[in-house]
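Presented below is the structure to which this report refers.
The values are calculated or read from the model by the stated rules, or taken from the named source; none is laboratory data. What you see is a predicted model, and the numbers here were worked out from it, not measured in a lab. Positions of Cβ are backbone-derived with ideal geometry, glycine not excepted, and every protein chain shown enters the neighbour counts. Quick note on the areas: whole protein, heavy atoms, side chains included, nothing else; ligands and nucleic acids left out. Shrake-Rupley method; radii C 1.70, N 1.55, O 1.52, S 1.80 Å.
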Amino acid sequence: MKLAFFKREPTGMRGRLMAALEQAERTETVLFVPLGEGFYVYVMPPVYDFVEERDRFNQDAERARQAVMGDAPLGRYTLINFRDVRQGRFPFSDDYQQWAGKRAIKLTGEVGLIFMVRADEVRQVIAQECGQVGLTCEPHGEWDMRVQGALRSYTIYVGDLVYEAIGRAMNVSELVREQLAGWVG
């Protein structure tokens, strides 16, 4: 009797990102992939000459986004080029070399990654994680979140958190749990 093996869907940001890199390599077209927790990524294989084929790329990128999100309004979001994270001199700027493995060299020029981060979805994840440990959390300013404990408050700088999530290819929820453990503990 033969056992059927099912290919499991990748989980977590790292797994989804690696699957997207593999798929872009195979299909040689722009992909728009949801990574979870308010993160999406455009994966751009090296088949576009951005000087001469900018319109083709823009059309392919828009079709890829619409295939995932339809015509629904995006809400407030920001775009972050992976190159900015990689070259940003953050403590986690070189972490991609570990999580990307043999594809790391391609991320230095061959394959482009542009992350789209939706503010409301990321804030919702942060609020859920705060609630899990009995803390209240509310929006503070344009992006940040204010965490309120019994005796003190703490600000989660969402921009910093987003850059770290991209650099380390980790879910925001995991990073928030790390921060809250250090603050509560």
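Okay, here's what the table says:
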read-out	value
Area of residue 160 that stays accessible when all protein chains are in place (1.4 Å probe, Å², to 10)	100
222 nm mean residue ellipticity, helices alone, for the chain (DSSP H n ≥ 4; -39,500 (n - 2.57); rounded to 500)	-13000 deg cm²/dmol
Given the chain, longest segment not containing exposed loop trypsin sites (Lys or Arg not before Pro) (DSSP; at most 14 other Cβ within 10 Å)	9-75
Length-normalised contact order of the chain in % [C-alpha pairs under 8 Å, at least 6 apart]	21
The chain, accessible surface, carbon-and-sulfur percent (1.4 angstrom probe)	49
Contact order normalised by residue count of region 67-160, Cα under 8 Å, 6+ apart, percent	21
